[in-house]
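The values are calculated or read from the model by the stated rules, or taken from the named source; none is laboratory data. What you see is a predicted model, and the numbers here were worked out from it, not measured in a lab. Heads up, the Cβs are rebuilt from the backbone with ideal geometry, glycines too, and the neighbour counts pull from every protein chain shown. Note: accessible area is taken over every heavy atom of the protein model, side chains too, but ligands, DNA and RNA are not part of it. Shrake-Rupley method; radii C 1.70, N 1.55, O 1.52, S 1.80 Å.
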Amino acid sequence: MTGELTLRVITPDHIVLDTTASSIQAPGVDGLLGILPRHAPMVASLDIGLLTFRSGGKQEAIFVSGGFLEVRDNTVRVVSEAGERPEEIDQERAESAEKRARERLEQGRSLHSAEIDLLRAELSLKRASKRQQAKSYSSSLV
Ligand code: ATP
């Protein structure tokens, strides 16, 4: 497939990415979304996870936390509640968040806490683990 995509990712507090890519994979709520140039117009809801893309011959990953993705005229726009490039991710903070979430889940289950508290802890755990995955993604590539 010839041509390139423009990829823009924004959150409430910053522009995470404004670049070109030859292919993009995004974590849709119903599964992974694969996008190549000349993709049909589309809007989709995003999950917490890794958005990966190929740019300048390199495979890269960023962390996104929900929101929406729109594809139109070879441009992919992502608006997410949070998003970070690997170098922006604070590994220690993500590890602490993971530990906190695991403790909450353990205590919550034994104390039969409200569903809503368990759900919050599960979402927090997912953000923390996906952040760590995004951080280690590029170094894991050969
Ligand atoms: P924490 O419990 O550490 O605050 P969280 O998952 O609750 O984590 P979010 O609500 O997803 O945090 O994000 C709040 C803000 O903090 C966002 O601007 C997000 O980019 C930033 N943020 C959260 N965790 C990290 C991290 N590990 N590294 C860098 N920025 C982070």
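Remarks
- Projected over all directions and averaged, the alpha-carbon convex hull of the chain occupies 9.3 nm².
- Taking Cα atoms only, the orientation of helix 91-110 departs from the longest principal axis of the chain by about 50 degrees.
- Which of TYR137, ALA101, ALA114, positive extreme of dipole for region 90-140 (C-beta unit charges): TYR137
- Relative contact order [Cα under 8 Å, 6+ residues apart], the chain, whole percent: 22 percent
- Per-residue [θ]222 nm for the chain (sum of -39500 (n - 2.57) over DSSP H runs n ≥ 4, rounded to 500): -11500 deg cm²/dmol
- Shape of region 5-84, Cα gyration tensor, a/c cut at 1.5: rounded
- On region 5-84, 51 percent of the accessible area sits on carbon and sulfur atoms, based on a 1.4 Å probe.
- Nearest-0.05 FRET efficiency for GLN107 and ILE10, computed from C-beta distance (R0 35 Å): 0.45
- In this structure the chain gives 60 Å² per residue of accessible area when probed at 1.4 Å with all protein chains present.
- Using only side-chain charges placed at the Cβ, +1 for Lys and Arg and -1 for Asp and Glu, the dipole size of region 90-140 relative to its Cα centre rounds to 160 debye.
- Nearest-ten-degree value, helix 115-140 long axis tilted from longest Cα axis of the chain: 50 degrees
- Heavy-atom accessible surface of region 90-140: percent carbon and sulfur, 1.4 Å: 47 percent
- Segment ARG38-THR19, length gained on full extension (0.36 nm per residue, minus Cα span): 5.2 nm
- Calculated FRET value between GLU95 and ARG72, using beta carbons and R₀ = 35 Å, to 0.05: 0.35
- Average projection, convex hull of the Cα set of region 90-140: 3.4 square nanometres.
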